[in-house]
Structures are given as structure tokens and as C-alpha cells.
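The values are calculated or read from the model by the stated rules, or taken from the named source; none is laboratory data. Model, not experiment: these values are computed from the prediction. Backbone-built Cβ (ideal geometry, glycine too); neighbour counts: all protein chains shown.
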């Protein structure tokens with residue numbers, strides 16, 4: 001009996017880091033010795049036999065060979081189990097699924113990444129890709145916000161990112177030592193100078209998206225150059241199970257990345 | 001000259017087939033309820049039901065079971081579930097159509113391999129009063145041209161092999177042509193657009209007042225195929241078990257919910273999504289409607305919702321809309 005796409009590839013955890021009180025980063029190595037090719041922005045189904053599987057964006061660049069990293073927030077039964085895994089534990093990886101970022105389109109363009117909270121890991125794939133391939137874009141600006149200082153993900157990497165990107169950071173609630181911006185992410189929109197003709201890619205809570213669209217779509221950037229990553233429940237990744245439908249779109253097949261032009265008349269897009 | 005079989009000979013034919021493969025056929029679920037018929041794994045002790053308005057669950061259940069293991073696992077080793085050859089006997093025109101449509105849905109744009117593995121090992125035998133449907137796949141088709149008498153047509157190699165067997169007799173009779181006319185409501189070319197543009201129509205709010213959101217319309221529909229997956233383990237050992245998929249329903253409250261957010265919390269939106277999928281999205285994605293007019297959802301809806309009345313109203317209002 002032949003293998004099928006619902007059977008994940010065998011893999012092992014080779015590194016585990018706690019990124020915040022409830023988010024864990026896992027470095028995963030495939031044990032079947034076959035290459036894993038993907039585009040930044042694609043997602044995988046991360047599986048623990050006996051518990052289930054969850055969709056999660058790849059957080060590393062395709063140029064990093066031999067492993068992938070993902071960040072998982074302990075929220076439900078499966079994600080709590082994943083966050084409790086240790087180095088050496090087995091996992092399964094299905095995919096990659098979805099469309100990924102428009103790599104050809106962003107070549108020689110000013111690219112702006114806007115992320116909120118757990119929206120950062122999938123975009124970290126693009127950040128790390130640009131770090132390894134600076135000629136892929138003209139410039140990179142990162143605008144990131146989270147609720148509190150201790151929730152900020154990948155904090156130890158920010159100094160590296162500042163070497164090749166303009167980096168703007170805010171938290172909504174901070175301690176006495178925090179010297180950066182305080183407030184929600186829209187506060188950074190006034191500070192970050194987004195050039196006309198840029199490509200914006202945003203990932204975060206969907207409540208953030210209308211604010212971005214109102215400010216930039218059709219003004220600073222074309223509707224087709226403003227992208228949103230959508231999150232939905234997913235069970236198959238191949239457009240069958242129906243859980244991820246959003247109006248007439250399948251987030252797993254047509255997305256998870258959509259241009260604002262694709263979403264603006266979709267009543268289910270920003271729910 | 002037509003090949004003919006009589007109702008008294010059908011069980012003998014199926015008994016012969018069942019020596020080689022699993023046979024699923026419509027049988028009485030409970031002797032006390034003669035109208036309660038379902039497709040079951042048949043053996044000669046079960047009475048066949050050759051005349052019935054519609055089975056409770058659709059025959060697509062045999063190809064996409066209400067619960068099936070996708071694979072079993074032990075430690076980090078996964079083994080795909082096995083599939084056995086089978087025959088599905090006694091499918092009406094509508095049910096033949098549903099299997100054909102579901103096979104296309106499960107094949108495009110990406111193959112659902114567990115479904116296709118089952119379908120590729122399943123033989124299909126239709127049975128209805130109409131002439132053999134030209135556009136539908138089957139191996140054999142039984143047309144009841146007189147009470148208890150069936151003219152049989154083969155379409156495939158396996159079908160022809162069966163038809164050459166002892167159970168089918170040559171009969172010098174002219175079989176009447178009986179065609180099924182397409183339903184004018186379901187084949188109205190404006191229906192997909194009417195449904196798409198009805199997202200804000202009051203009918204969905206009104207239905208949400210009546211509908212229980214129980215999902216029975218999905219479970220009895222041959223073209224509802226949404227599913228959930230779940231790992232089932234042996235008691236006390238999470239290393240050993242099966243990843244199963246089971247029917248879900250987009251009518252249920254948590255269908256689109258993640259652990260942090262419900263993307264479709266309102267019943268009216270879930271009802272609209274059910275109609276939009278069948279009557280707009282499937283025509284757009286696959287080129288055909290997600291309804292074969294089998295009537296199961298009308299028969300089994302506890303709130304007595306009739307999709308035809310809903311579609312008629314939405315379509316009529318669409319046709320009356322002011323032209324831009």
C-alpha cells in the first residue's frame with residue numbers, strides 16, 4: 001500500500017527554545033534523509049502521533065538546509081503537547097502547503113513586514129531569507145508589536161536584524177526599563193517611513209488588517225502589493241476538509257497569503 | 001436483444017459476487033420500519049430493498065466512511081490503512097451522480113489519496129426505473145422496465161464479465177426509453193450567481209431562527225464531505241493507534257474555530273456557507289452543483305427546512321433585482 005499525503009514525514013526535534021511564557025521554538029530535522037523544499041510563507045502540518053496535528057508556518061529560510069524551525073503557542077491540546085516536547089522526541093511533518101510569499105515580485109522592491117504577536121514566526125522565514133540573500137530585495141523594513149515586553153518573540157535576534165533592515169518595535173504594556181515605543185502597532189505607522197511603491201506583507205491578529213488597509217491600500221501601495229497572511233483552522237492542507245474556507249477562498253490552497261485586492265470584498269476575510 | 005434479470009435472481013447474483021469481494025447493498029435497517037433503508041455490508045441473510053425512496057445515509061459513505069483510519073502508527077512508524085475491493089449495488093440515478101461528483105471533487109485540484117484508493121477498488125451497480133445514464137460511471141446498470149424485471153447494461157470490462165454470467169438471460173423485449181429531466185430550479189444558470197450575491201439576504205437570518213444547527217443535512221448529504229481528524233490510541237499507550245478522519249459539519253458551531261478564535265460563530269453565516277458551497281463555490285470550482293436532488297436533507301431535517309424553497313426565494317429575488 002503506497003504512502004499518501006496524510007502521512008507526515010518522520011522528523012526529530014534537535015533544538016528547543018522557549019521564546020516567551022507560552023511560545024516555544026523547535027528546530028526539526030527530517031529523519032528520512034530526503035530534502036524538504038519550500039517557499040518562505042508556506043506552512044506545514046506538525047504532528048505528534050497520539051495527539052494530532054496543527055498547521056504552523058515555517059520560520060526559517062529555505063537556504064537553511066537540513067532543518068526547519070517553527071514557533072508554537074501552547075493554546076490547545078495538540079499545541080500544549082508540542083510545546084512540552086523535548087530534544088530527541090519524534091514529530092511528523094506534512095507539507096509544505098499553501099502559496100508562500102511572492103519571491104519574484106519582491107525582487108528589487110522596498111519590502112515592509114508588519115507583524116503582531118505570533119504573526120512574526122512565518123515572516124521570520126522571509127527575514128532570514130533576505131538576511132542570506134540581501135540582493136533579493138531593495139530594502140527591508142520590519143514593524144513589529146506585541147502586548148508585553150516578555151511576550152516579544154526572537155528578542156535575541158533583533159540586533160542582527162537591525163544590521164540589514166530598518167526595525168521598528170512597540171509593546172502595549174511595558175516595564176520600567178523599557179525605552180522603546182509604547183502603544184499598539186498603528187503608533188509605529190507614523191514613525192516608519194513607508195515608501196510609495198513598496199510591497200507590504202502583514203501577519204498578525206486580523207483586527208490589525210483593516211487599519212493597515214485603510215492607511216496604505218491604494219495610497220502608499222497598490223492593493224495588489226499589500227498582502228495579508230490569514231489564519232484558519234486546517235485539517236487537510238489540500239482543499240478538501242472545508243475548515244479553512246474564507247468566502248470563496250481556501251486559505252490552505254489559495255493562501256495563506258492574499259493580496260488586499262483579493263480580500264477587500266470578502267465578508268469573511270477580516271473576521 | 002436485452003439482457004434481463006428478475007428480482008428473484010438478484011440475490012443469487014450478489015451472493016456469487018460476494019464470494020470475491022465485499023458487497024454493499026440497500027437493506028432494511030429494522031423490520032418494524034419498512035421505510036428505513038440503508039446501504040450495509042450485505043450477506044444472504046439480509047433482505048435486499050429494491051424499492052425505496054431514498055436511503056438514510058448516502059452511498060458515498062462507503063467511499064468516505066463516517067469514520068475511517070487514514071493510517072496506523074506505532075512509535076514513529078506510520079502504515080497506511082488497507083482497502084478491500086467492493087461492490088456498491090442498487091444506486092439510483094441521483095446516487096450514481098453523487099459518487100461521480102464526489103470522485104471529481106476528491107480528485108481536483110489535489111488528489112485525496114485515501115478516497116481514490118477506495119474508489120479505484122469499488123465497482124458500481126446502478127438500479128433505477130430510468131434508462132442507463134449516459135454521462136455517469138457505472139459497471140452495471142439495472143433498469144426496472146416492468147415490476148421485478150430489470151434490463152441490464154454493462155459499461156466496463158468487469159461489468160461485461162458479470163453480464164456474460166448465468167444470472168442474466170437474453171430476452172427478446174424492447175426496453176422503453178425513460179429519461180430523467182433535469183430539475184429546472186437546480187439547473188437554472190442564474191442560481192450560482194444568485195446564491196453568491198445573497199450573502200446579506202434576510203432568508204439566512206430567518207433560517208437561523210428555525211434551524212437547530214444540528215448538522216443532519218450534512219450527514220445525510222452525499223455531497224457533504226467535510227471532515228475532522230483525530231488520533232485514537234490504545235488505552236494507556238499514546239505511542240500506538242490510528243489517525244482517523246470522521247465526518248464533520250460546517251453547520252456546527254465550532255467548525256471554523258481555532259483554540260483562540262471562532263471565524264464563523266453565527267449560525268446564519270454557517271447556513272449561508274452551506275448553500276454557498278453547494279450552489280456557488282462547487283459550480284465555480286468543479287463545474288457542477290453540489291446537489292444531486294436526492295431529497296435526504298428535506299426528509300431528515302428536524303426543522304423541516306426545504307432547500308428548494310430557500311433556493312426558489314433567493315433566485316426569485318435575484319431575478320427581480322434592479323439592473324445596474
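Region B:249-324 holds helices (runs of 4 or more DSSP H) entirely within its bounds, and those carrying 1 or more residues that are within 25 Å of the chain's Cα centre (by Cα) and within 27 Å of residue B:36 (Cα to Cα) map to B:267-276, B:296-300, B:307-320. Could you list all residues from region B:238-260 that are more than 8 Å from every other protein chain (Cβ to nearest Cβ) and out of contact with any strand residue (DSSP E or B) (no Cβ under 8 Å at 6 or more places or on another chain)? Of everything in region B:238-260, those that are more than 8 Å from every other protein chain (Cβ to nearest Cβ) and out of contact with any strand residue (DSSP E or B) (no Cβ under 8 Å at 6 or more places or on another chain) turn out to be B:249, B:251, B:252.
Of B:246, B:218, B:238, which residue is in a strand (DSSP E or B) and within 18 Å of the chain's Cα centre (by Cα)?
Values: B:218 fails: in a strand (DSSP E or B); B:238 fails: within 18 Å of the chain's Cα centre (by Cα).
Residue meeting the stated conditions: B:246.
Working only within region A:223-244, note down all residues that are within 10 Å of chain B (Cβ to nearest Cβ) and under 14 Å from residue A:202 (Cα atoms).
Filtering region A:223-244 down to residues within 10 Å of chain B (Cβ to nearest Cβ) leaves A:230-244.
The answer is A:230, A:231.
Elements of the type helices (runs of 4 or more DSSP H) sitting completely within region A:152-270 and holding at least 1 residues that are crowded, with 22+ Cβ neighbours inside 10 Å and touching a residue at least 60 places away in the same chain (Cβ under 8 Å): these cover A:208-216.
Every residue, every condition in (1) at pLDDT 95 or above; (2) away from every other protein chain (no Cβ under 14 Å), yes or no:
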site: A:164; (1), (2): yes, yes
site: A:173; (1), (2): no, yes
site: A:176; (1), (2): no, yes
site: A:189; (1), (2): no, yes
site: A:205; (1), (2): no, no
site: A:212; (1), (2): yes, yes
site: A:246; (1), (2): yes, no
site: A:249; (1), (2): yes, no
site: A:265; (1), (2): no, no
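Which residues, counting only those in region B:64-78, are farther than 10 Å from residue B:243 by Cα, part of a strand (DSSP E or B) and either over 19 Å from the mean Cα position of the chain (by Cα) or facing chain A (nearest Cβ under 8 Å) (or both)? If the condition is that a residue be farther than 10 Å from residue B:243 by Cα, part of a strand (DSSP E or B) and either over 19 Å from the mean Cα position of the chain (by Cα) or facing chain A (nearest Cβ under 8 Å) (or both), then B:74, B:77 are the ones that fit. Taken across region B:101-118, residues that are closer than 27 Å to residue B:175 by Cβ, surrounded by 19 or more Cβ atoms within 10 Å (Cβ to Cβ) and either without any contact (Cβ under 8 Å) to a residue 60 or more places away in the chain or touching a helix residue (DSSP H, G or I) at 6+ places or on another chain (Cβ under 6 Å) (or both) do not occur at all.
Taken as a whole, the structure leaves residue B:82 outside the set of residues that are within 14 Å of chain A (Cβ to nearest Cβ) and touching a helix residue (DSSP H, G or I) at 6+ places or on another chain (Cβ under 7 Å).
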